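Worksheet: one structure, shown below.
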Amino acid sequence: MNSSPVRQPARSCPHCHSDRVRRSHRRATADRILHALGAEIRRCSKCRRRHAAFATFSLPLNEPAAGEGVWTRILVMASGFVVCLVFVWWVIRRFTESSG
């Protein structure tokens, strides 16, 4: 039986090169996408930075600032509200034009 060894994700931090890394929870959508592509999300216990560990390399993940998430959510909600208003306006205008 010919079985190739499974490669383990990179075990050291790409920032401080410490071996004290552990698995981290997936938080953002980007984390979930990277996990779906085969990455393991890890956090360094020494420098507290997160990275996505693939079989042969690691990608550092940026930590969002504390207030950044709030403004992003507000912007997304406001733009969704504007899109809904434009859609309702378009439907009303279309049916009033076709009725007569």
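Some values worked out for this structure:
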quantity: Highest-first arrangement of 36-43, 72-79, where packing means the average Cβ count within 10 Å; calculated: 36-43, 72-79
quantity: Cut-off under 5 Å, modelled amide H: who pairs with S58 long-range; calculated: none
quantity: Cα shape, segment 7-63, gyration tensor, a/c 1.5 rule; calculated: oblate
quantity: Burial ranking of peptide ranges 47-53, 21-27 (average Cβ count within 10 Å, highest at the top); calculated: 47-53, 21-27
quantity: Approximate spin-label separation K46-R32, in nm, with each point projected 7 Å along Cα-to-Cβ; calculated: 3.3
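Coordinate-derived values only; no laboratory data. Treat the numbers as computed from the prediction; the structure is a model and nothing was measured. For neighbour counting, all protein chains shown are included, and Cβ atoms are generated from backbone atoms with ideal geometry for every residue, glycine included.
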